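Down below is the structure, laid out as structure tokens.
The values are calculated or read from the model by the stated rules, or taken from the named source; none is laboratory data. All of these numbers come straight from a predicted model, not from anything done at the bench. Here the Cβ is made from the backbone with ideal geometry for all residues, glycine too, and neighbour counts use every protein chain on show. Quick note on the areas: whole protein, heavy atoms, side chains included, nothing else; ligands and nucleic acids left out. Shrake-Rupley method; radii C 1.70, N 1.55, O 1.52, S 1.80 Å.
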Amino acid sequence: MSGRLAIGIDIGGTKVAGGVVDTGGNITHRARRETPHRSKSPSVVEDTIVDVVDELMHIVGSKTVAAVGIGAAGFVAADRATVVFAPHLSWRHEPLQETLQKRVAVPISVDNDANAAVWAEWKFGAAQGETHVMMITLGTGIGGGILVNGQVQRGRFGIAGEFGHMQVVPGGHRCECGNRGCWEQYASGNALVREARSLLSADSPIASDLFDRVEGQTGNLTGPLITQAARDGDPTARELLAEIGSWLGVGIANLAAAFDPGMFVIGGGVSAAGDLLLEPAREAFKRRLTGRGYRPEARIVAALLGNDAGLIGAADLARCTADPQVD
Ligand SMILES: [Zn+2]
């Protein structure tokens, strides 16, 4: 009989965060490492993952752990073993599961971080009881996950849910994906900071509060700083967040036209702005929704699990995959 705990691993650009997760979705222990020398080489990142897993196994005892789940920002193939492409790491068709499985004694599975997050929010967070859920994570870019009737929808090749690269403005801002006018160029943390910087660079008097907060150093502007200014009542910061929120609502209306979910869960760092972001999103959504007035409207809600959603979801998905009898 294997254990009931699971280890979740969240891989970021420069750090590996891990946690032991119980069957109620609670994180009981944590471990974290910076990736040495900020290296992006597959073997260094893999060594760091094994290190974190070993540390957590040592704390709780390896016999109590049923599975290890890895959540990675990137394209994970439908086999949930291979990272096809990760924009912030040098993984290209990396057989991550196979490599790690040689060094870890319990079953490992790999998932896209937003897929892990939608699972966690559905099972333990904001979307409990909802049958058709779409998760939108607003970080530097936009990640997405789709869950229908208790199943994460990964697509034929595993890459479903990359909503950030839907085109919303033909000929718009250039995106690192190579196209122009992608949604994440208008409704993400990067978009928020870009717009605020352009106001500062234009020496606009309406940006004086933000200007003071960064002591005139445009490069010091960050999403959390703008959110704090908005919370403190700065009208310009509020306007910037409202603009991002509006664009969020435009994309959500497009997603509703295609998928007709019951709920959109908004997570990621930018969602910390709460209703300063979500109210403008709801308004824009209502204005843009196809068939508005003649159809039920999906709810747009804030995620509940914060930065832990990916880690909790990766762990729980891995545990449910390793031991499908449970749940
Ligand atoms: Zn793009």
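Residues considered: Gly233, Gly219. Of these, the only one that is without any contact (Cβ under 8 Å) to a residue 40 or more places away in the chain and on the phi > 0 side of the Ramachandran plot is Gly233. Remark: Ala116 falls outside the filter, which requires a residue to be open to solvent by less than 20 Å² (accessible area, probe 1.4 Å) and within 16 Å of the ligand (Cβ to nearest atom). Taking the stated definitions as given, is Gly181 away from the ligand (no atom under 13 Å from the Cβ) and at positive phi? In short, no. Taken over region 245-284, the residue count meeting the criterion of being in a helix (DSSP H, G or I) and either farther than 20 Å from Gly189 by Cβ or of a type in the set (Lys, Arg) (or both) is 8. Quick check on my filter: what residues within region 241-272 are of a type in the set (A, V, I, L, M, F, W, C), closer than 29 Å to Asp203 by Cβ and open to solvent by 10 Å² or more (accessible area, probe 1.4 Å)? Result: Ala242, Trp247, Val270, Ala272. Going by what's in this entry, would Gly144 be described as under 17 Å from the mean Cα position of the chain (by Cα), within 15 Å of the ligand (Cβ to nearest atom), surrounded by 18 or more Cβ atoms within 10 Å (Cβ to Cβ) and in a loop (DSSP other than H, G, I, E, B)? Judged against the criteria, Gly144 is not a match. The single condition among (1) within 21 Å of Gly269 (Cα to Cα); (2) surrounded by 17 or more Cβ atoms within 10 Å (Cβ to Cβ) that Arg194 does not satisfy is (2). Within region 147-176, the set of residues being within 15 Å of the ligand (Cβ to nearest atom), buried (at least 16 other Cβ atoms within 10 Å of the Cβ) and assigned to a loop (DSSP other than H, G, I, E, B) comprises Ile159, Gly161, Glu162, Met166, Val168, Cys175. Among the residues making up region 178-187, a single one is part of a loop (DSSP other than H, G, I, E, B) and open to solvent by 60 Å² or more (accessible area, probe 1.4 Å): Asn179.
One residue stands out among those in region 119-141 that are within 16 Å of the ligand (Cβ to nearest atom) and either without any contact (Cβ under 8 Å) to a residue 12 or more places away in the chain or touching a strand residue (DSSP E or B) at 6+ places or on another chain (Cβ under 6 Å) (or both): the one that is nearest to Asn190 (Cα to Cα), which is Thr137. Taken over region 203-212, the criterion of being open to solvent by less than 80 Å² (accessible area, probe 1.4 Å), over 18 Å from Ile244 (Cα atoms) and modelled with pLDDT of 90 or more is satisfied by Ser208, Asp209. Criterion applied to Lys40, Lys63 was being surrounded by fewer than 22 Cβ atoms within 10 Å (Cβ to Cβ), charged (D, E, K, R) and either modelled with pLDDT of 95 or more or part of a loop (DSSP other than H, G, I, E, B) (or both), and the one residue passing it is Lys40.
In this entry, Gly25 is excluded by the filter for residues that are assigned to a loop (DSSP other than H, G, I, E, B) and exposed (fewer than 14 other Cβ atoms within 10 Å of the Cβ). Looking only at residues of region 72-109 that are in a loop (DSSP other than H, G, I, E, B) and hydroxyl-bearing (Ser, Thr, Tyr), we find that the one that is farthest from Ile9 (Cα to Cα) is Ser90.
Filtering Ala207, Ala202 for residues that are farther than 21 Å from Gly141 by Cβ, away from the ligand (no atom under 15 Å from the Cβ), among the aliphatic types (A, V, I, L, M) and out of contact with any Leu (no Cβ under 8 Å at 6 or more places or on another chain) leaves a single hit, Ala202.
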